[in-house]
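All of the numbers you see were taken from the coordinates with simple rules; none came from a lab. These numbers come from a predicted model, not from an experiment.
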Amino acid sequence: DGHTIGCDVTEVLGSPARPLSTEQARAKFAACGAPDALWDQVMHLESLDDAARLTHS
């Protein structure tokens with residue numbers, strides 16, 4: 001019938017103005033198939049002794 005519905009979103013979820021919570025980020029990370037070990041390393045980057053370890057998880 002040619003009818004359209006739309007809306008404007010100025011700040012999308014995940015943007016700096018509306019960041020994901022840790023739980024939301026974890027769920028998104030898991031949905032992309034990322035392993036738990038990689039999540040743990042990313043969440044503790046400051047204590048990671050070698051960034052190359054990120055590519056081995």
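Given (1) 29, 25, 16; (2) 39, 30, 15; (3) 58, 24, 19 as candidate values of Cα extents along the principal axes in Å, which corresponds to the one derived from the coordinates?
Among (1) 29, 25, 16; (2) 39, 30, 15; (3) 58, 24, 19, the one derived from this structure is (3).
Determine the calculated [θ] at 222 nm for the chain from helices alone, applying -39500 (n - 2.57) to every DSSP H run no shorter than 4 residues and normalising by the residue count; nearest 500 deg cm²/dmol.
One gets -9000 deg cm²/dmol as the mean residue ellipticity at 222 nm.
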